[in-house]
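Okay, so here's the structure we're looking at.
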Amino acid sequence: MVATVIDVEGSAYRREGARCLIMEEGEVTGILSGGCIEEDLRGYAGEVMRTGVSRKVYYDFRAGEDDVWGTGIGCNGAITVWLESFDPIRYPDAARDLLEDLQKRAETRLPYEAVTVVTSSDPQLCPPGTRWTR
């Protein structure tokens, strides 16, 4: 599963676009927050891996906003993380789309634009997880 920071409000360890991989066994490669959310993301990752349905997860580290996370952990902001399955066996189309996007990014010398729908007012027409590139 791939976890990507898609929005940052205030200060945070990583900025938009930072990614990590979460394996089915729970191993995490890379970090999004200095290690303070990766354990929690494992729980959400299991759901995304089982269902193949991508989702957003919001963490607010600002003082007084979320007592679960507290303060003094190296960031005083809020981050939104997009979780998407990468399972070539169960969800080959989604895995192919993600790999093609990464390959295009790596190979181009021209400006590259990529958009992933994370919220949709019409999920039938444009479901979350839809990816467009140019």
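Phi-derived couplings, Karplus 6.51 cos²θ - 1.76 cosθ + 1.60 at θ = phi - 60°, listed residue by residue for region 41-47: 4, 4, x, 5, 4, x, 5 Hz, with x used for Gly and Pro. Only DSSP H runs of four or more residues enter the estimate; each adds -39500 (n - 2.57), and after division by the residues of the chain the mean residue ellipticity at 222 nm equals -7500 deg cm²/dmol. Recomputing Cα extents along the principal axes in Å from the coordinates shown identifies the correct label among [x] 86, 41, 26; [y] 41, 35, 32; [z] 49, 37, 24 as [y].
Summing +1 for each Lys or Arg and -1 for each Asp or Glu among the other residues whose beta-carbon sits under 14 angstrom from that of R14 gives -2. GNM remark for the chain: springs join alpha carbons under 10 Å apart, and the peak mean-square fluctuation among R62, R14, R105 falls on R105. Rounded to whole numbers, the Karplus 3J(HN,Hα) couplings from phi for region 117-134 are 6, 10, 9, 9, 7, 9, x, 5, 7, 9, x, x, x, 4, 10, 10, 9, 8 Hz, using 6.51 cos²θ - 1.76 cosθ + 1.60 with θ = phi - 60°, and x at Gly and Pro. Note on the chain: GNM, Cα springs under 10 Å; of D101, D40, D87, the largest mean-square fluctuation is that of D40. Shown in residue order for region 96-107 are the 3J(HN,Hα) couplings computed by the Karplus curve 6.51 cos²θ - 1.76 cosθ + 1.60 at θ = phi - 60°: 4, 4, 5, 5, 4, 4, 4, 5, 4, 4, 6, 8 Hz (x for Gly and Pro).
Computed from the coordinates by the stated procedures, all read-outs in this text should not be read as laboratory data. Since this is a predicted model, take the numbers as computed values, not measurements. In this analysis, Cβ positions are derived from the backbone assuming ideal geometry, glycine residues included, and neighbour counts consider all displayed protein chains.
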